[in-house]
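Notes to accompany the following structure.
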Amino acid sequence: MSESGAIKLSIIGGGIGGLTLCVALSSLAPEGKYEIHLFEAAQKFEEIGAGVGFGPNSVKTLDKLNLRGVYGLDLKPEGLKEEEEKPHHIWFNWKRGDGDFSEDEGTIGRTIAPGYQKASVHRADFLSLLLSRLPPTCTVHFSSRLTSYTSPSDASVTTLHFEDGQTFETDLLIGCDGVRSVVRAGLFGDAYKARFTGTCAFRGLIEVEKARQALGDWATKPVMWLGVDKHVLHFPVRRQTLVNIVAFTSDRSTSTPEWKSGPWVQTVSKDEFLGEFEGWDERVQRLLQFIENPSRWAIHDVPPIPSFAIGNIALLGDSAHAMLPHQGAGAGQAIEDAYLLANILAHELTKRETLSKALAVYSEIRLPRAQKVHWTSEKAGRVYEMVEPGIENDTEKMRAELETRMSWIWEWKPEEERSKAFELLLSSTVS
């Protein structure tokens, strides 16, 4: 307990999930209810990677937190007919990339997000927005790498242990520490440690002028080029001044792949990178040529865990459900987690003595949805890479699947999830 009597809440990890939780809680909880501490391993806030996409579900959540308007993510004007959809309502255009196809032959279709702008942003820009909203009541501890923690059986006070030897006592611990989560390991040991998915991603960010040289008018449109066991996507960020590129390759020769090639992120030679896409559409090959220092990311996920919370300790974002990025939903799920958890913690029925119940409500509601997004992201990868049984490279079946498969994710309503959580808080039991 803090000297002021406030509940001491510790957030481990200053990425999108941790910062969104901090911002959301500060705006929703009564003043003085929580003393918030955010622990970040790095010396300053930074985010590796480049572009991130937010679907309509994320945009709706950001709107609830008064963050969408600041970033300019606007709904389409009322009365706009479906046939008048603007380019930014297209989530992705789908094209064959693994060969020399004519425009008609190579075009599979497109996925529309009716009523919503496609929100493709640079991670650093979005983090800057969150940092600008970080309240002074949140104490940030840099260079604080959590190594372990101890929690008594009565779930009262948890003691955090850091790499530099420092300790810190907290009433409530939220792990937003990513796919290699120390908080998750403290709850489950090695039973649910990160695993290699068999998929690697090559990432790059180039100026839009260069992308136009390779792609023409497609440079400023979100496009995914599909092929067997590989696909390439690109979309504009920073108000169409840059183009984010991600090229995926998958090894499906075994159902239990292992990463034995050293660090998960490595710089690779340009020849090695380009060789992966030899024989692909000339536009794709020209685009990839512009990535000067390609990096290869071995994508790991987290197998489905039985609960997102135990006692007064909870997991959020990748620490709870790291997934393949094939639905562009990982960051969105972290934002959804943060929004619901902040609402639950801010509720008048959540008190020091009811924290464990509050976290149990959070887990009961968020776990099924997040884990469904997790496994459907695996299926999405198989569809993109033409190995999904019953679909494979059948253009008509691919079009039907791709045009509709995101609807259930996007149609989610944050207020309905919050109402269900409040009902559970009022009930006597949580399953």
request  = For segment 348-367, enumerate the residues that are within 12 Å of residue 312 (Cα to Cα) and open to solvent by 30 Å² or more (accessible area, probe 1.4 Å).
outcome  = 351, 352, 353, 354, 356, 357, 360
ask   = In segment 249-307, which residues are assigned to a strand (DSSP E or B) and among the acidic types (Asp, Glu)?
value = 301
ask   = List, please: which pairs have Cβ atoms under 7 Å, are six or more places apart or on different chains, and start with a residue in segment 233-248 that is modelled with pLDDT of 90 or more and end with one that is of a type in the set (Asp, Glu)?
value = 242/207
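Only one of these is small (Gly, Ala, Ser) and closer than 21 Å to residue 15 by Cβ: 175, 165, 198, 189. Name it.
175
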message = Return the residues of segment 141-164 that are open to solvent by less than 50 Å² (accessible area, probe 1.4 Å), at pLDDT 95 or above and not in a strand (DSSP E or B); say none if nothing qualifies.
response = 144
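When the residues of segment 223-237 are filtered to those that are within 19 Å of the chain's Cα centre (by Cα) and open to solvent by 10 Å² or more (accessible area, probe 1.4 Å), which remaining residue is nearest to residue 276 (Cα to Cα)?
If we filter segment 223-237 for residues that are within 19 Å of the chain's Cα centre (by Cα), which is where we start, we get 224, 232-237.
So of that shortlist, the ones also open to solvent by 10 Å² or more (accessible area, probe 1.4 Å) come out as 233, 235-236.
Details: 233: 15, 235: 21, 236: 23 Å.
Step by step, filter segment 223-237, then rank; the result is 233.
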query = Which ones in segment 261-294 are of a type in the set (S, T, N, Q) and surrounded by 15 or more Cβ atoms within 10 Å (Cβ to Cβ)?
reply = 285, 289
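Please find, among 86, 76, 60, 81, the residue that is modelled with pLDDT of 75 or more and either among the basic types (Lys, Arg) or open to solvent by 40 Å² or more (accessible area, probe 1.4 Å) (or both).
Numbers: 86 fails: modelled with pLDDT of 75 or more; 76 fails: modelled with pLDDT of 75 or more; 81 fails: modelled with pLDDT of 75 or more.
One residue alone meets the criteria, 60.
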task = Check whether at least one residue in segment 30-49 is more than 14 Å from the chain's Cα centre (by Cα), touching a residue at least 24 places away in the same chain (Cβ under 8 Å), under 24 Å from residue 369 (Cβ atoms) and surrounded by fewer than 23 Cβ atoms within 10 Å (Cβ to Cβ), and report yes or no.
result = no
query = Any residue at all in segment 315-335 that is open to solvent by 30 Å² or more (accessible area, probe 1.4 Å), touching a residue at least 60 places away in the same chain (Cβ under 8 Å), farther than 30 Å from residue 215 by Cα and not basic (Lys, Arg)?
reply = yes
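Applying the selection to segment 406-426, what residues are without any contact (Cβ under 8 Å) to a residue 40 or more places away in the chain and of a type outside the set (A, V, I, L, M, F, W, C)?
The initial filter retains those residues of segment 406-426 that are without any contact (Cβ under 8 Å) to a residue 40 or more places away in the chain, namely 407-408, 416, 419, 423.
Correct list: 407, 416, 419, 423.
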inquiry  = Against the definition (part of a helix (DSSP H, G or I), basic (Lys, Arg) and under 30 Å from residue 247 (Cα atoms)), how does residue 397 come out, yes or no?
reply    = yes
ask   = Can you spot a residue in segment 323-346 that is in contact with a strand residue (DSSP E or B) (Cβ under 6 Å, 6 or more places away or on another chain), more than 24 Å from residue 382 (Cα to Cα) and outside any loop (DSSP other than H, G, I, E, B)?
value = no
request  = For segment 368-414, name all the residues that are touching a Pro at 6+ places or on another chain (Cβ under 6 Å) and either within 16 Å of residue 92 (Cβ to Cβ) or open to solvent by 50 Å² or more (accessible area, probe 1.4 Å) (or both).
outcome  = 410
ask   = Name the pairs whose Cβ atoms lie under 9 Å apart, with the first residue in segment 358-377 and at negative phi and assigned to a helix (DSSP H, G or I), the second among the acidic types (Asp, Glu) and open to solvent by less than 10 Å² (accessible area, probe 1.4 Å), and 6 or more positions between them or separate chains?
value = 362/337; 366/336; 366/337; 369/336; 370/336; 370/337; 374/301; 377/301
query = Can you tell me which residue in segment 102-137 is nearest to residue 59 (Cα to Cα), limited to those that are part of a strand (DSSP E or B) and modelled with pLDDT of 80 or more?
reply = 112
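The rows are residues; the columns are (1) in contact (Cβ under 8 Å) with a residue 40 or more places away in the chain; (2) of a type in the set (Asp, Glu).
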residue	(1), (2)
268	yes, no
271	no, yes
276	yes, yes
288	yes, no
295	yes, no
301	yes, yes
310	yes, no
313	yes, no
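The values are calculated or read from the model by the stated rules, or taken from the named source; none is laboratory data. Keep in mind that what you see is a predicted model, and the values were worked out from it rather than measured. Please note: Cβ atoms are built from the backbone with ideal geometry, for glycine as well, and neighbour counts cover all protein chains shown. Note: areas computed on protein heavy atoms with side chains; ligands, DNA, RNA excluded. Shrake-Rupley method; radii C 1.70, N 1.55, O 1.52, S 1.80 Å.
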